[in-house]
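Structure first, then comments.
Only the coordinates and a few stated rules stand behind these numbers; no lab work does. A quick note: this is a predicted structure, and the numbers were derived from the prediction, not measured. Here the Cβ is made from the backbone with ideal geometry for all residues, glycine too, and neighbour counts use every protein chain on show.
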Ligand SMILES: Cc1cc2nc3c(=O)[nH]c(=O)nc-3n(C[C@H](O)[C@H](O)[C@H](O)COP(=O)(O)O)c2cc1C
């Protein structure tokens, strides 16, 4: 698309959308808390049906990341047939250390509303829109981020272990920090052509 003639804000928004990437290789330096507050605020500007605002955030830094890793490890223990085998012990060690890959981890949950006209799908869709806002705000503020999930998000015990309401659904772990300068971000995998993704009807 030709960006000529567009307002500065239109160019900035479209540029942010097209240049945001998932980046998992981060420096250990912890961003200022105010920056993290801004990206979480951006998440809360997402559309949400009937103003339910279903998103909830747990922001981990420092040692709290290790405590979060223990939640992931306990979840893995529940899935392992035998947690004592050497491969299980190694897998648990990896799981425990996962949140140490970034200086800040935002655990994002959706606490579904009991509003009769709002479905769980809508609440999760809204939470996902919030995560995308968060990622874009992080990108705009010079932070690098990646949205990760994994089997623990399907573990019914995990939301309460992270201190969310029992009815909550974990929709992701956002790893946040600054890009490790030694890391080259690979080109974005190509997107499907519009002939596959889009049908146009009623257009001349
Ligand atoms: C719901 C969801 C779950 C994801 N889980 C993971 C994950 O567990 N690990 C990971 O490295 N990336 C994860 N990603 C990030 C995708 O791998 C990434 O968005 C995709 O490769 C496209 O790259 P881009 O974001 O740079 O365009 C997830 C993305 C979404 C939307």
inquiry  = So residue 168 ticks every box in (1) surrounded by 18 or more Cβ atoms within 10 Å (Cβ to Cβ); (2) in contact with a helix residue (DSSP H, G or I) (Cβ under 7 Å, 6 or more places away or on another chain); (3) closer than 25 Å to residue 9 by Cα but one. Which box is left unticked?
reply    = (3)
key: Entirely in segment 109-204, the helices (runs of 4 or more DSSP H) that have 3 or more residues that are within 16 Å of the ligand (Cβ to nearest atom)   = 120-140
Filtered residues of segment 1-40 (kept if within 14 Å of the chain's Cα centre (by Cα) and more than 14 Å from the ligand (Cβ to nearest atom)) = 36, 39, 40
query = Filtering segment 99-108 down to residues that are touching a strand residue (DSSP E or B) at 6+ places or on another chain (Cβ under 8 Å) and not in a strand (DSSP E or B), which residue is nearest to residue 62 (Cα to Cα)?
reply = 103
